[in-house]
Structure formats: C-alpha cells, structure tokens
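What follows is a single structure, written as structure tokens, with notes after it.
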Amino acid sequence: MKTNRPKIKVPYEPIDIIVDLTSIALLIALVIYTFMSYSDLPETIATHFDATGKPNGYSNKDTMWFLPAIGIVMFIGLFIL
C-alpha cells in the first residue's frame with residue numbers, strides 16, 4: 001500500500017551525538033571489562049538467585065559474554081529505530 005506521506009529527515013542535534021558517543025564508549029568499556037575479568041572468574045558461576053539472595057542456578061563462565069552481546073544488540077536496534 002503506497003501512501004503519499006512525506007518522509008521527514010530529522011537532523012542530529014548535538015545532544016544526540018553526545019548520547020550516542022557516550023553509549024558506544026560504555027559498550028566498549030563493558031566489553032573490555034568483561035574481557036579483563038574473564039580469566040579471574042571460576043569455571044562455574046551463579047546465574048540465578050532466589051528471593052533470599054541464594055544462588056539456585058549455575059552456568060559456565062562463557063555466559064558472561066551474553067550480557068555485552070545483549071547491550072550491543074539493543075544499542076544497534078534502538079539506533080536504527
């Protein structure tokens with residue numbers, strides 16, 4: 001279905017650039033911190049906690065890379081949106 005609606009290009013404001021660059025810097029810091037801390041982690045880490053704060057789910061330390069991946073995917077998705 002074609003419409004004759006105009007496509008508006010919204011120009012970047014300086015605050016948009018600052019927020020994007022800050023987000024990218026924080027994502028890079030998250031990846032670097034994960035990389036630096038990875039070797040110090042035990043092979044099995046707690047991944048889920050119950051209401052009292054006791055761990056009740058465990059996984060391999062490779063799951064730590066899931067958190068930076070989620071952040072990167074979310075940033076790209078919101079940037080495109």
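Since every read-out is calculated from the coordinates, none of them should be taken as a lab result. What you see is a predicted model, and the numbers here were worked out from it, not measured in a lab. Using ideal geometry, Cβ is built from the backbone for each residue, glycine included, and neighbour counts are taken over all protein chains shown.
Under a point-charge model restricted to the Cβ atoms of Lys and Arg (+1) and Asp and Glu (-1), what is the dipole moment magnitude of the chain relative to its Cα centre, in debye to the nearest 20?
On the way: 6 positive and 7 negative charges, 119 e Å.
So the magnitude is around 580 debye.
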Contact order normalised by residue count of the chain, Cα under 8 Å, 6+ apart, percent: 23
Whose amide H sits under 5 Å from the amide H of THR47, counting only residues 5 or more places off or on another chain, with H placed in the peptide plane? GLY57, TYR58, SER59
Let me know the Rg and Dmax you get for the range 14-74 when you use only its Cα atoms, in Å. 15.0, 46
Calculate one ³J(HN,Hα) per residue across the range 22-31 by plugging θ = phi - 60° into the Karplus curve 6.51 cos²θ - 1.76 cosθ + 1.60, and present them in order as whole Hz with x for glycine and proline. 5, 5, 5, 5, 5, 5, 5, 5, 5, 5
